[in-house]
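This report concerns only the one structure given below.
The values are calculated or read from the model by the stated rules, or taken from the named source; none is laboratory data. Since the model is a prediction, treat every value here as computed from it, not as a measurement. When we count neighbours, we look across all protein chains shown, and the Cβ atoms used for this are built from the backbone with ideal geometry, even at glycine.
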Amino acid sequence: MARIKKSAAQKKESPFNNYWSKKNYQILGAGVVILILGFFLMTRGPWDNPLSMTFSPIVLIVAYFVVIPFSIFYTGKKKKKGTA
């Protein structure tokens, strides 16, 4: 049987090849820092401290439900081809 060579034009490029940009990783890093801050605030003072009972859970919720999903879904502005 004869083998057919695939040309470069037939190769399909994955749409997920360059999904995460540098900005996505920076936002994710900020989310991890906010998580560490939230857990650090949770360990401060006695167990009934208002800082560890109210403020640190709010910080953790913001990190888990706002910052980290935003880093996943952030795409940035797309530049139009053909315009300067």
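Take region 52-80 and flag every residue that is in contact (Cβ under 8 Å) with a residue 12 or more places away in the chain, β-branched (Val, Ile, Thr) and farther than 16 Å from LEU37 by Cβ.
ILE72, the sole residue that qualifies.
What residue, among those in region 55-84 that are surrounded by fewer than 11 Cβ atoms within 10 Å (Cβ to Cβ) and aromatic (Phe, Trp, Tyr), is modelled with the lowest pLDDT?
Of everything passing the filter in region 55-84, PHE73 is modelled with the lowest pLDDT.
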